[in-house]
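Quick notes on the structure that follows.
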């Protein structure tokens with residue numbers, strides 16, 4: 001590296017990180033990786049989403065590297081809570097899961113980016129820097145899924161979980177109450193409802209319930 005390049009690197013702000021994963025060996029590996037690279041400092045770790053929210057409040061990191069599926073408190077719920085609190089930290093999801101049921105709720109909850117754990121270290125470093133600047137970062141696989149979800153009209157019958165959510169809506173249950181009853185986040189409930197609206201060709205809860213009764217989904221007349 002040239003002297004000018006070294007000087008620019010020295011002037012770059014250090015990005016503070018919170019590592020959130022229920023596996024200690026994963027956190028150890030990430031800490032070692034970032035400790036060995038200039039421009040990063042790991043200020044804290046957390047083993048689940050609940051602990052992550054507390055660590056963000058205590059340490060105010062620039063970026064949170066967040067796993068999703070963790071016993072004791074999942075990543076989506078933590079992201080939702082951090083968004084509700086107006087936390088300054090940018091959340092970059094780092095997980096092994098790239099299904100629609102994982103990616104969409106996480107991004108809707110407020111995640112700045114979404115990477116898979118098989119990402120090369122330089123890609124991860126670049127993603128953290130981008131997230132710290134507020135830029136959206138998506139792995140190619142996740143980006144393709146999101147584009148397909150936007151471009152492809154929803155079709156087919158409601159899933160079992162979508163019918164379950166719709167039945168609770170018909171009983172007048174709020175999104176928060178549905179989330180509590182089904183042990184999911186409000187963001188996940190909203191995603192299910194978005195899919196229900198698209199499949200039924202409606203725009204709101206009342207229309208969805210009426211259409212579902214018309215089609216017999218909720219035990220109505222059974223008309224198609």
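The values are calculated or read from the model by the stated rules, or taken from the named source; none is laboratory data. All values reported here derive from a predicted model rather than from experimental measurement. When we count neighbours, we look across all protein chains shown, and the Cβ atoms used for this are built from the backbone with ideal geometry, even at glycine.
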Checklist line | Filtered residues of the stretch 36-63 (kept if within 21 Å of residue 101 (Cα to Cα) and crowded, with 24+ Cβ neighbours inside 10 Å) | finding: 49
Next item on the list: Could you list all residues from the stretch 185-199 that are touching a residue at least 40 places away in the same chain (Cβ under 8 Å) and either assigned to a helix (DSSP H, G or I) or in the same structural domain as residue 106 (by TED's automatic domain parsing) (or both)?
Entry: 186, 187, 188, 190, 191, 195, 198, 199
Next item on the list: Residues being part of a helix (DSSP H, G or I) and within 17 Å of residue 137 (Cβ to Cβ): count how many of those fall in the stretch 64-81.
Entry: 2
Next item on the list: May I ask you to say which residue of 184, 209, 202 is more than 22 Å from residue 69 (Cα to Cα) and surrounded by 20 or more Cβ atoms within 10 Å (Cβ to Cβ)?
Entry: 209
Next item on the list: Hey, could you check the stretch 87-118 for residues that are assigned to a loop (DSSP other than H, G, I, E, B) and over 15 Å from residue 63 (Cα atoms) and say which is farthest from the chain's Cα centre (by Cα)?
Entry: 118
Next item on the list: Report yes if some residue within the stretch 130-150 is assigned by TED's automatic domain parsing to the domain that holds residue 36, closer than 30 Å to residue 26 by Cβ, out of contact with any strand residue (DSSP E or B) (no Cβ under 7 Å at 6 or more places or on another chain) and at pLDDT 90 or above; otherwise report no.
Entry: yes
Notebook entry, point to check: Limited to the stretch 163-183, what total is found for residues that are assigned to a helix (DSSP H, G or I) and either touching a strand residue (DSSP E or B) at 6+ places or on another chain (Cβ under 7 Å) or over 15 Å from residue 207 (Cα atoms) (or both)?
Noted result: 9
